[in-house]
Structures are given as structure tokens and as C-alpha cells.
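*Asks:* Questions regarding the structure given below will be posed in turn.
The values are calculated or read from the model by the stated rules, or taken from the named source; none is laboratory data. Because the structure is a prediction, the values reported are computed rather than measured. We place every Cβ from the backbone using ideal geometry, glycine too, and count neighbours over all the protein chains shown. We work out accessible area using only protein heavy atoms, side chains counted, and drop any ligands, DNA or RNA first. Shrake-Rupley method; radii C 1.70, N 1.55, O 1.52, S 1.80 Å.
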Amino acid sequence: QVQLVESGGGLVQAGGSLRLSCAASRIIFSIGTMGWYRQAPGKQREAVAAITSGGSTNYVDSVKGRFTISRDNAKNTVYLQMNNLKPEDTAVYYCNYNIAAVYYWGQGTQVTVSS
């Protein structure tokens, strides 16, 4: 069974930084697309960033220039570096693994940005 375990969430002031990590197991990590989603209270889950097996990345407009997604295939880990955080970034962040249109999810990690 695929396992995705997120870490790195927490409470930070506006303008601060956090780095989320997602360790994957029981998958062929070097293939498939890894991504980060988030869900704020009362809102739908939204895609934040994704990185393909070839290293191509894409971001939702609201985080472009502030967030960076990366992956380390040797460590089976994907990262989300979040800089210049804003209160509207507050949400539960979920790691996602997508291969052949099958999606796997982590348990989520809370990110709270205070103003």
C-alpha cells in the first residue's frame, strides 16, 4: 500500500517561511507526478504545485514566485518550500502522488500563518 507522510507544518508569522516534506514509500517514486494540495476551512481542496518525473513544475497563480516544489528521487521525498507566507496560505496541506490517473494522498499537515 502506498504511504505518503507529510511533515514540516506549523505556525508562522506573515512573511515567514516553512518547508514541507513528503516521504513516500511503496511506490516507484521516480515515475509519476508528485504534488501538493491544500484545503482551508470551508473551502474546496485546491492544487498548489506539482512536479513531474521529468522535473517539470507548475503552480497555482497565488503562490507563483513564493513557493518552490522539488523532489529527491534518491530519498523518495518531495518538498514544498514556502516563502513570504500570507494569512491566506493557512490550510491543511496534502501530499499527492498521481500515476496513470490514480491518486494517493497523505494525511495532511497544518500550516497556519498569523497576521
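*Asks:* Within segment 41-68, can you find the residues that are open to solvent by 20 Å² or more (accessible area, probe 1.4 Å), part of a strand (DSSP E or B) and farther than 16 Å from Ala101 by Cα?
*Replies:* Those that are open to solvent by 20 Å² or more (accessible area, probe 1.4 Å), part of a strand (DSSP E or B) and farther than 16 Å from Ala101 by Cα: Glu46, Thr57, Asn58, Tyr59, Thr68.
*Asks:* Across segment 80-108, which residue is most open to solvent (accessible area, probe 1.4 Å) among those that are assigned to a strand (DSSP E or B) and under 20 Å from Gly15 (Cβ atoms)?
*Replies:* So in segment 80-108, the residues assigned to a strand (DSSP E or B) come out as 80-82, 91-99, 102-105.
In the following step, the residues that additionally are under 20 Å from Gly15 (Cβ atoms) were identified as 80-82, 91, 93.
Details: Leu80: 0, Gln81: 58, Met82: 0, Ala91: 2, Tyr93: 0 Å².
My answer is Gln81.
*Asks:* Sticking with this structure for a sec: Taking the residues in segment 1-16 that are within 18 Å of Asn84 (Cα to Cα) and either part of a loop (DSSP other than H, G, I, E, B) or among the charged types (D, E, K, R) (or both) as candidates, determine which candidate is least open to solvent (accessible area, probe 1.4 Å). Reasoning before the result, please.
*Replies:* Let us first name the residues in segment 1-16 that are within 18 Å of Asn84 (Cα to Cα), namely 8-16.
Retained after the next criterion (residues that are either part of a loop (DSSP other than H, G, I, E, B) or among the charged types (D, E, K, R) (or both)): 8-9, 14-16.
Numbers: Gly8: 35, Gly9: 33, Ala14: 53, Gly15: 47, Gly16: 18 Å².
Top of the filtered list is Gly16.
*Asks:* Being farther than 15 Å from Leu18 by Cα and free of Cβ contacts under 8 Å to residues at least 40 places away in the same chain: is that true of Asn98 here? It would help to see each step written out before you state the result.
*Replies:* Details: farther than 15 Å from Leu18 by Cα: yes; free of Cβ contacts under 8 Å to residues at least 40 places away in the same chain: no.
It is false that Asn98 is farther than 15 Å from Leu18 by Cα and free of Cβ contacts under 8 Å to residues at least 40 places away in the same chain.
*Asks:* Give me the residue from segment 48-78 that is of a type in the set (Gly, Ala, Ser) and modelled with pLDDT of 95 or more and, out of that set, nearest to Gly16 (Cα to Cα). Steps first, answer last, please.
*Replies:* First, pick out the residues of segment 48-78 that are of a type in the set (Gly, Ala, Ser): 49-50, 53-56, 62, 65, 70, 74.
Applying the additional criterion that residues be modelled with pLDDT of 95 or more yields 49-50, 56, 62, 65, 70.
On the way: Ala49: 19, Ala50: 22, Ser56: 26, Ser62: 16, Gly65: 14, Ser70: 19 Å.
Taking the candidates together, the pick is Gly65.
*Asks:* Quick test for you: out of Arg19, Arg38, pick the one residue that is among the basic types (Lys, Arg), assigned to a strand (DSSP E or B) and open to solvent by 50 Å² or more (accessible area, probe 1.4 Å). Outline the logic, then answer.
*Replies:* Working: Arg38 fails: open to solvent by 50 Å² or more (accessible area, probe 1.4 Å).
Criteria check complete, one pass: Arg19.
*Asks:* For segment 22-35, name all the residues that are assigned to a strand (DSSP E or B) and either touching a residue at least 60 places away in the same chain (Cβ under 8 Å) or surrounded by fewer than 11 Cβ atoms within 10 Å (Cβ to Cβ) (or both). Reasoning before the result, please.
*Replies:* Applying the first criterion (assigned to a strand (DSSP E or B)) to segment 22-35 yields 22-25, 33-35.
Within segment 22-35, Cys22, Ala24, Thr33, Met34, Gly35 meet the criteria.
*Asks:* Would you mind telling me which numbered condition in (1) within 20 Å of Gln3 (Cβ to Cβ); (2) acidic (Asp, Glu); (3) open to solvent by 70 Å² or more (accessible area, probe 1.4 Å) Asp72 fails?
*Replies:* With respect to (1) within 20 Å of Gln3 (Cβ to Cβ); (2) acidic (Asp, Glu); (3) open to solvent by 70 Å² or more (accessible area, probe 1.4 Å), Asp72 is out only on (3).
*Asks:* Just to be sure, is Ser114 modelled with pLDDT under 95, in contact with a strand residue (DSSP E or B) (Cβ under 6 Å, 6 or more places away or on another chain), exposed (fewer than 12 other Cβ atoms within 10 Å of the Cβ) and of a type outside the set (A, V, I, L, M)? Break it down into steps so the answer makes sense when it comes.
*Replies:* Numbers: modelled with pLDDT under 95: no; in contact with a strand residue (DSSP E or B) (Cβ under 6 Å, 6 or more places away or on another chain): yes; exposed (fewer than 12 other Cβ atoms within 10 Å of the Cβ): yes; of a type outside the set (A, V, I, L, M): yes.
In short, no.
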